[in-house]
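Trainee: Let me give you the structure first, and then I'll get to my questions.
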Amino acid sequence: MLEQLKNERTEMENELKKLIIKDSLTGLYNKAFFIEQLDRFIQKSDREKDRFGLLFIDFNKFKEINDTLGHHTGDRVIFEAARRLESAVSENCLLARYGGDEFVMLVCDVHSRAELYNIAKEILQSFDSACYIDGHEFYLSASIGIALYPFDGRDSDNLIKNADIAMYKAKEDKDEEYNIRFFTSEMEKEVQERFMIETQLRKALENQELSLCFQPIVEISKNKLEGAEALLRWKNVKLGFVPPEKFISIAEETGLIHSIGKYVLENVCNFIKSMERKGLPLIPVAVNISAKQLENRNFAETVKSIIEYYQIDTRYLEFEITESVSAGNMKRIKENIEKIKDLGIKLSMDDFGTGYSSFAMLLNLQIDKLKIDKMFIDNIGKMREEKIIRTILSMAKELGLKVVAEGIETEKQLKFLKDVSCDYGQGYLFNRPMDINMFEEYLKIRCYSKGKSPDNFSGSVC
């Protein structure tokens, strides 16, 4: 009897030890045990001047599985992922579940970066075949970031952090065959810059750091002002002038795009109403709208309430979207666009021709106008680009769409666009973007010149 109790106690102690070091879902080592072993290995490697690699593995779009099929199925997918990772691990590796759909792997006895890359590639290849769970067929894919000791960190915190940074950069490599990236110091600088931008952007509205500029859109055949595009600008005390391409994506990722987008729309509507009160000629003003805004179920209602508050005629308000909306929730986006169109707002497709989905979106969305990307305008003079421009114009004419050429900077470009009967133009050749006060002066001059776009108008550009 006593012997039996001893055996049972030993079994219980062994089970408790497993619980302390093992992940309950996958049976792999857990985060705490992995970090403990990593710290020990760093001490050993420091003494013996060894190198080793740390792989940070994250599964792509796993959240969609949880959201669509529930956490029970998600857990089973994680379990299957762990089994496949185990099958790809060699004896000189320590594998652990870090949390959620994240895994970490310590690779000992590393002789080259190529060796680490091949290990990472074998891991990704282990997910080439489908897995079947609860009657569903899945194809899993992952992104892997790699940090190398001692070059990318001399302690566990920095090694894991830097491998994690590299993993997120790997996720961005959509054109690569394998989503694998080694950490570089430039990545860390980008992360620090992004953190600073996000921190300051959260205060930008409150501190009144955002402003609007307006760039004229001209009817090419008559050199007549047709409209304008409202462009967002941000000047921060610490960062100085921050280009939109650096902060708009961060605004989208953090959800700040909704409050910023509302600010832009309110200020554009206020500007239109102000011009009406001052008796200045009204022109359509285009506002850029992101996919994230269109995915918001309340977006169309927000637009409607702003329009009603400022009592503007929607003939003078246009929205510009890019093909990035095709990657969003198309059901919600189409619902919002239908409501927006019912309000009388016209819709333009910006940067047309730069992506594979632009043509498909013409069929799915109620587009009124196309904007030919500056990339094609820059290459006017080259036969291929000129053929593309002619093709876009011909197609637009067949579909009853107007066309704006973006980024016109030379008389040569303007002459070609006039010869091929492009409707409208926008670019530095006509005018740079102007702040709100200077644009008002521009409109006054236009009023006295019977609609002609003022030549060589010099003002406060932004």
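Trainee: Among the residues that make up the range 328-342, is at least one of them touching a Ser or Thr at 6+ places or on another chain (Cβ under 8 Å) and either exposed (fewer than 15 other Cβ atoms within 10 Å of the Cβ) or within 25 Å of Gly407 (Cβ to Cβ) (or both)? Outline the logic, then answer.
Mentor: Of the range 328-342, the ones touching a Ser or Thr at 6+ places or on another chain (Cβ under 8 Å) are none.
Among the residues of the range 328-342, not one is touching a Ser or Thr at 6+ places or on another chain (Cβ under 8 Å) and either exposed (fewer than 15 other Cβ atoms within 10 Å of the Cβ) or within 25 Å of Gly407 (Cβ to Cβ) (or both), which makes the answer no.
Trainee: Is it the case, given these coordinates, that Ser324 is over 22 Å from Leu443 (Cα atoms), surrounded by 19 or more Cβ atoms within 10 Å (Cβ to Cβ) and touching a residue at least 12 places away in the same chain (Cβ under 8 Å)?
Mentor: no
Trainee: Do any strands (runs of 3 or more DSSP E) entirely within the range 4-117 hold 1 or more residues that are modelled with pLDDT of 90 or more and loosely packed, with under 14 Cβ neighbours inside 10 Å, and if so, which?
Mentor: Correct list: 93-99.
Trainee: Looking only at the range 165-205, how many residues end up being in contact (Cβ under 8 Å) with a residue 40 or more places away in the chain, in contact with a strand residue (DSSP E or B) (Cβ under 6 Å, 6 or more places away or on another chain) and among the aromatic types (Phe, Trp, Tyr)?
Mentor: Of the residues in that region, 1 qualify.
Trainee: Further, regarding this structure: Quick one: what pairs do we get from the range 230-251, first residue among the β-branched types (Val, Ile, Thr), second assigned to a helix (DSSP H, G or I), C-beta under 6 Å, 6+ apart or different chains?
Mentor: Ile250/Ile197; Ile250/Glu198
Trainee: Right, another one. Need at least 2 residues that are within 20 Å of Leu365 (Cα to Cα) and touching an Asp or Glu at 6+ places or on another chain (Cβ under 7 Å) per element, so show me which helices (runs of 4 or more DSSP H) inside the range 261-344 make the cut, counting only ones lying wholly within it.
Mentor: Values: elements: 291-295, 299-310, 330-342.
The helices (runs of 4 or more DSSP H) meeting that bar are 330-342.
Trainee: What residue, of Tyr442, Tyr424, is in contact (Cβ under 8 Å) with a residue 24 or more places away in the chain and in contact with a Pro (Cβ under 8 Å, 6 or more places away or on another chain)?
Mentor: Numbers: Tyr424 fails: in contact with a Pro (Cβ under 8 Å, 6 or more places away or on another chain).
Residue meeting the stated conditions: Tyr442.
Trainee: Ala286 fails exactly one of the following numbered conditions: (1) more than 22 Å from Asp368 (Cβ to Cβ); (2) touching a Ser or Thr at 6+ places or on another chain (Cβ under 7 Å). What is the number of that condition?
Mentor: (1)
Trainee: Can I ask one more? Going through the range 241-257 one residue at a time, which ones are surrounded by 13 or more Cβ atoms within 10 Å (Cβ to Cβ) and either among the small types (Gly, Ala, Ser) or not in a helix (DSSP H, G or I) (or both)?
Mentor: Val242, Ser249, Ala251, Leu256
Trainee: If you scan the range 299-315, which residues turn out to be in contact with a Gly (Cβ under 7 Å, 6 or more places away or on another chain) and among the polar types (S, T, N, Q)? Give the derivation first.
Mentor: Here is the first cut: in the range 299-315, the residues in contact with a Gly (Cβ under 7 Å, 6 or more places away or on another chain) are 314-315.
If the condition is that a residue be in contact with a Gly (Cβ under 7 Å, 6 or more places away or on another chain) and among the polar types (S, T, N, Q), then Thr314 is the only one that fits.
Trainee: Does the range 411-432 contain any residue that is in a loop (DSSP other than H, G, I, E, B), at pLDDT 95 or above, farther than 20 Å from Leu231 by Cα and within 32 Å of the chain's Cα centre (by Cα)?
Mentor: Yes - at least one qualifying residue is present in the range 411-432.
Trainee: A follow-up question, please. It is to be established whether one or more residues within the range 283-299 are surrounded by fewer than 18 Cβ atoms within 10 Å (Cβ to Cβ) and either within 23 Å of Cys213 (Cβ to Cβ) or over 24 Å from the mean Cα position of the chain (by Cα) (or both).
Mentor: Taking every residue of the range 283-299 in turn, none turns out to be surrounded by fewer than 18 Cβ atoms within 10 Å (Cβ to Cβ) and either within 23 Å of Cys213 (Cβ to Cβ) or over 24 Å from the mean Cα position of the chain (by Cα) (or both).
Trainee: If you don't mind, another one. Could you please let me know if Ala120 is assigned by TED's automatic domain parsing to the domain that holds Leu55, surrounded by 18 or more Cβ atoms within 10 Å (Cβ to Cβ) and over 18 Å from Thr26 (Cβ atoms)?
Mentor: Numbers: assigned by TED's automatic domain parsing to the domain that holds Leu55: yes; surrounded by 18 or more Cβ atoms within 10 Å (Cβ to Cβ): yes; over 18 Å from Thr26 (Cβ atoms): yes.
Yes.
Trainee: Give the residue that is surrounded by the most Cβ atoms within 10 Å (Cβ to Cβ), with candidates limited to residues of the range 124-141 that are touching a Phe, Trp or Tyr at 6+ places or on another chain (Cβ under 9 Å) and over 18 Å from Thr73 (Cβ atoms).
Mentor: Only one residue tops the list, namely Leu124.
Trainee: Farther than 20 Å from Glu323 by Cβ and out of contact with any strand residue (DSSP E or B) (no Cβ under 7 Å at 6 or more places or on another chain), is that true of Lys415? Walk me through it before giving the result.
Mentor: Working: farther than 20 Å from Glu323 by Cβ: yes; out of contact with any strand residue (DSSP E or B) (no Cβ under 7 Å at 6 or more places or on another chain): yes.
Here the answer is yes, as Lys415 does meet what is asked.
Trainee: So which residues in the range 303-321 are surrounded by fewer than 17 Cβ atoms within 10 Å (Cβ to Cβ) and over 25 Å from Val218 (Cα atoms), if there are any at all?
Mentor: Once the filter is applied, which keeps residues that are surrounded by fewer than 17 Cβ atoms within 10 Å (Cβ to Cβ) and over 25 Å from Val218 (Cα atoms), the range 303-321 yields Lys304, Ser305, Glu308, Tyr309, Gln311.
Trainee: Only one residue in Leu343, Leu363, Leu399 is under 26 Å from Phe214 (Cα atoms) and either at pLDDT 95 or above or assigned by TED's automatic domain parsing to the domain that holds Val285 (or both). Which one?
Mentor: When all the criteria are applied, what remains is Leu343.
Trainee: Run down Phe56, Phe52 and say which single residue is more than 30 Å from Tyr139 (Cα to Cα) and among the aromatic types (Phe, Trp, Tyr).
Mentor: Working: Phe56 fails: more than 30 Å from Tyr139 (Cα to Cα).
Exactly one residue qualifies, and that residue is Phe52.
Residues checked against (1) charged (D, E, K, R); (2) more than 24 Å from Lys331 (Cα to Cα); (3) touching a Gly at 6+ places or on another chain (Cβ under 6 Å):
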| position | (1), (2), (3) |
| --- | --- |
| Ile257 | no, no, no |
| Glu266 | yes, yes, no |
| Cys269 | no, yes, no |
| Arg277 | yes, yes, no |
| Leu280 | no, yes, no |
| Ile289 | no, no, no |
| Gln293 | no, no, yes |
| Arg297 | yes, no, no |
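Trainee: Here is a further query. I want to confirm something. Restricting to the range 127-160 and keeping residues that are of a type in the set (S, T, N, Q) and closer than 16 Å to Glu102 by Cα, which single residue is modelled with the lowest pLDDT?
Mentor: In this case the residue turns out to be Ser141.
Trainee: So, one more: Please work out which one of (1) under 21 Å from the mean Cα position of the chain (by Cα); (2) within 20 Å of Thr302 (Cα to Cα) is the condition Asn267 fails and give its number.
Mentor: Of the numbered conditions (1) under 21 Å from the mean Cα position of the chain (by Cα); (2) within 20 Å of Thr302 (Cα to Cα), the odd one out for Asn267 is (1).
Trainee: Shifting gears a bit: Considering only the range 222-239, state which residues are surrounded by fewer than 16 Cβ atoms within 10 Å (Cβ to Cβ) and at pLDDT 95 or above.
Mentor: Correct list: Lys235 only.
The values are calculated or read from the model by the stated rules, or taken from the named source; none is laboratory data. Here the structure is a predicted model, which means the values were calculated and not measured. Methodologically, a virtual Cβ is constructed for each residue, glycine included, from the backbone with ideal geometry; neighbour enumeration extends over all protein chains shown.
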